[in-house]
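Peer 1: First the structure, which I've put down as structure tokens, then a few questions once you've had a look.
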Amino acid sequence: MNWSDYEVTIPAVKTANELETLEQKLFGRKSGLITEALKGIKDVAPEKKKEFAADLNMWKKKLTILIDEKKKELLGADDGDSIDISLNLPKKERGHLHLIPEFIREVEEVFGRMGFDTAYGPEIETEEFNFNKLNIPADHPARDGQDTFWAKGVKNTVLRTHTSPVQIRYMQEHKPPFRMICPGKVYRKDSDATHSPMFHQFEGLMIGKNISLANLKAVLVTSLQELIGRKVEFRFRTGYFPFVEPGMEMDMMWQGDLSTSREGKWLEMGGCGMVHPNVLEGVGIDSKEWQGFAFGFGIERPLMIKHQIPDLRSFYEGDLRFLRQF
Ligand code: PHE
């Protein structure tokens, strides 16, 4: 075989094994054809030696290149030192927070900027904190089995029905003046499109000197407007909560291209008012010297208005088609 025959043979090789065999045949240390031929240079007649050596080296180079090229072709990037940095990997999917914890963070941030401290309290509460210290009399309807989940076998213990007990816990530990908010889960025996047995609230409390309903309104309207991210209509109406006097409820209007018949109707956001003197005195705060407001708002409700979500239960169903929209 002539060296030039290998110019055909090498490119025609089909497998890496075949190529390996061929490489050994030509360049093998012991009896490779090229190896042997190189060794033979010394026996060539002196006048032909130069030409013979030059010719042989030319073929050695040529065939080496052909073998290397073939190797690359057969082994791809696997030949040890080539990394294909142009490779397009599929985009990594990144998760994100669920709407509710995301909103809670925003609440903490917006109120934080207005000087409100963030506090947390237990979800399993005593009757004392959930009701008594909030001036809720023993015969108040909120106490009966209809609304409240009472703990079985543990006396006077409930799943908290609102975040208001954290007001009490906070006031027992801090001296006025102070401002705090408390986000968290609350529980009630209730379930329909705008109620769930577990939902979230954020409580607010501001105690100081000369605090009035005007401050309450300013804080609520400013913060909710910012949290919703666009102009919404609010309405305050009188409401009864034993732990505030006067007490109010605040509603927000369904606005936008909502695909339900709720457009233009009001949705209740929560209750608020001036902290009742009995509550202040109960935690040892002189109600002649200090006064302030409190509010307890739903978290799902403003989110429903913000994102035009018609059914509150969508928040908890874990349906990715719903969750991925936000
Ligand atoms: N805790 C009340 C509720 O859950 C709301 C509220 C909080 C009302 C603070 C007044 C002041 O309905």
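Peer 1: Among MET114, MET274, MET206, what is the fewest-to-most ranking by other Cβ atoms within 10 Å? Write down the numbers at each step before the final one.
Peer 2: Details: MET114 15, MET274 19, MET206 24.
In order of increasing Cβ crowding within 10 Å: MET114, MET274, MET206.
Peer 1: May I pose another question? Among THR15, THR163, what is the fewest-to-most ranking by other Cβ atoms within 10 Å? Walk me through the numbers before you get to the answer.
Peer 2: Details: THR15 9, THR163 26.
The most exposed by this proxy come first: THR15, THR163.
Peer 1: Sticking with this structure for a sec: Run lengths n ≥ 4 of DSSP H only: what is the helix-derived mean residue ellipticity at 222 nm for the chain, with -39500 (n - 2.57) per run over all residues, to the nearest 500? Before the final figure, lay out the partial values.
Peer 2: Details: 11 runs with 122 residues, N = 326.
Estimated from H runs of four or more residues: -11500 deg cm²/dmol.
Peer 1: How high is the relative contact order of the stretch 261-319, in percent, counting Cα pairs under 8 Å that sit 6 or more residues apart? If you can, show how the numbers build up before the last one.
Peer 2: Working: 40 pairs, mean separation 19.4, N = 59.
About 33 percent, as a whole number.
Peer 1: Then there is this: Report, as a whole number in µm² per second, the diffusion coefficient that Stokes-Einstein gives for the stretch 3-75 at 25 °C and 0.890 mPa s using the Kirkwood radius over alpha carbon pairs. All intermediate terms of the calculation are to be shown ahead of the outcome.
Peer 2: Numbers: Rh = 12.9 Å.
Here the translational diffusion coefficient equals 190 µm²/s.
Peer 1: Shifting gears a bit: May I ask which residue of LEU56, LEU26, LEU74 lies farthest towards the positive end of the charge dipole of the chain, with charges of +1 (Lys, Arg) and -1 (Asp, Glu) on Cβ and the Cα centre as origin?
Peer 2: Of the listed residues, the answer is LEU56.
Peer 1: To continue, here is another question. If packing is taken as the average count of other Cβ atoms within 10 Å, what order do 122-130, 229-237 fall into, highest mean first?
Peer 2: Numbers: 122-130: 17.8, 229-237: 12.1.
Ranked from most to least packed, the peptides come out as 122-130, 229-237.
Peer 1: GNM on the chain, C-alpha springs below 10 Å: top fluctuator among HIS174, HIS162, HIS195?
Peer 2: Ranking HIS174, HIS162, HIS195 by mean-square fluctuation puts HIS174 first.
Peer 1: What do you get when you divide the Cα radius of gyration of the stretch 192-326 by 2.2 N^0.38 Å, with N the number of residues?
Peer 2: Values: Rg = 16.8 Å, N = 135, 2.2 N^0.38 = 14.2 Å.
That works out to 1.19 for the stretch 192-326.
Peer 1: Can you sort ARG105, ARG143 from fewest to most other Cβ atoms within 10 Å of each residue's own Cβ?
Peer 2: Numbers: ARG105 13, ARG143 19.
Lowest to highest Cβ neighbour count: ARG105, ARG143.
Peer 1: Given axes a ≥ b ≥ c from the Cα gyration tensor, I'd like to know whether the stretch 99-323 is rounded (a/c under 1.5), prolate (a/b larger than b/c) or oblate. Write out the running numbers ahead of the final one.
Peer 2: Numbers: a/c = 1.75, a/b = 1.25, b/c = 1.40.
Oblate, since a/c reaches 1.5 and b/c is not below a/b.
Peer 1: To continue, here is another question. Kindly work out what percent of the DSSP beta bridges joining two residues of the chain are antiparallel, to the nearest 5. Could the numbers behind the result be given before it?
Peer 2: Details: 41 of 43 bridges.
Bridges in the chain that DSSP calls antiparallel: roughly 95 percent.
Peer 1: Can you compute the charge dipole magnitude of the chain about its Cα centre, using +1 on each Lys and Arg Cβ and -1 on each Asp and Glu Cβ, nothing else charged? Give it in debye, rounded to the nearest 20.
Peer 2: Numbers: 45 positive and 49 negative charges, 134 e Å.
Computed about the Cα centre, the dipole is about 640 debye.
Peer 1: Related question: For the chain, with the dipole built from +1 on Lys and Arg beta-carbon atoms and -1 on Asp and Glu ones, taken about the Cα centre, which of TYR316, LEU97, ASN132 lies farthest toward the positive end?
Peer 2: The listed residue farthest towards the positive side: LEU97.
Peer 1: Another question, then. Percent relative contact order of the chain, based on C-alpha pairs within less than 8 angstrom and at least six residues apart?
Peer 2: Details: 476 pairs, mean separation 45.5, N = 326.
Relative contact order of the chain: 14 percent.
Peer 1: With viscosity set to 1.306 mPa s and temperature to 10 °C, compute the Stokes-Einstein D of the stretch 81-152, Rh being the Kirkwood radius across alpha carbon pairs; µm²/s, no decimals. Before the final figure, lay out the partial values.
Peer 2: Working: Rh = 17.8 Å.
D, rounded to a whole number, is 89 µm²/s.
Peer 1: For the stretch 1-142, what are the per-bin percents of Cα-Cα distances with bins 5 Å wide, up to the bin holding the maximum?
Peer 2: 2, 7, 10, 10, 8, 7, 5, 4, 3, 3, 3, 3, 3, 4, 4, 5, 5, 4, 4, 3, 2, 1, 1, 1, 0
Peer 1: Would you mind checking the pairs LYS209/LYS265; LYS209/LYS306; LYS30/LYS50; LYS42/LYS70 and listing those with alpha carbons more than 29 angstrom apart?
Peer 2: On the way: LYS209/LYS265 37 Å; LYS209/LYS306 34 Å; LYS30/LYS50 24 Å; LYS42/LYS70 32 Å.
As for pairs spanning more than 29 Å Cα to Cα, those are LYS209/LYS265; LYS209/LYS306; LYS42/LYS70.
Peer 1: If you don't mind, there's one more thing I want to ask. Whole Å is fine, so just give me how far the alpha carbon centre of the stretch 139-183 lies from that of the stretch 207-269.
Peer 2: Taking the Cα centre of the stretch 207-269 as reference, the centre of the stretch 139-183 is 22 Å away.
Peer 1: Using a cut-off of 15 Å between alpha-carbon atoms, which aspartates and glutamates can reach LYS175, once sequence neighbours fewer than 8 places away in the same chain are excluded?
Peer 2: Once the sequence-local aspartates and glutamates are set aside, what remains near LYS175 is ASP117, GLU281, ASP286, GLU289.
Peer 1: Something else now. Among PRO277, GLY121, GLY184, which residue has its Cα positioned farthest towards the positive end of the charge dipole of the stretch 99-323, with +1 placed on the Cβ of Lys and Arg, -1 on the Cβ of Asp and Glu, and the dipole taken about the Cα centre?
Peer 2: Of the options given, the answer is PRO277.
Peer 1: Using the reciprocal of the averaged 1/r over all distinct C-alpha pairs, how large is the Kirkwood radius of the stretch 186-228 in Å? Mind showing how you got there, number by number?
Peer 2: Numbers: mean 1/r = 0.0774 Å⁻¹.
Its Kirkwood hydrodynamic radius stands at 12.9 Å.
Readers should treat all values here as calculations from the given coordinates under stated rules, not as data from a laboratory. From a predicted model like this one, the values you see are computed outputs, not experimental measurements. We place every Cβ from the backbone using ideal geometry, glycine too, and count neighbours over all the protein chains shown.
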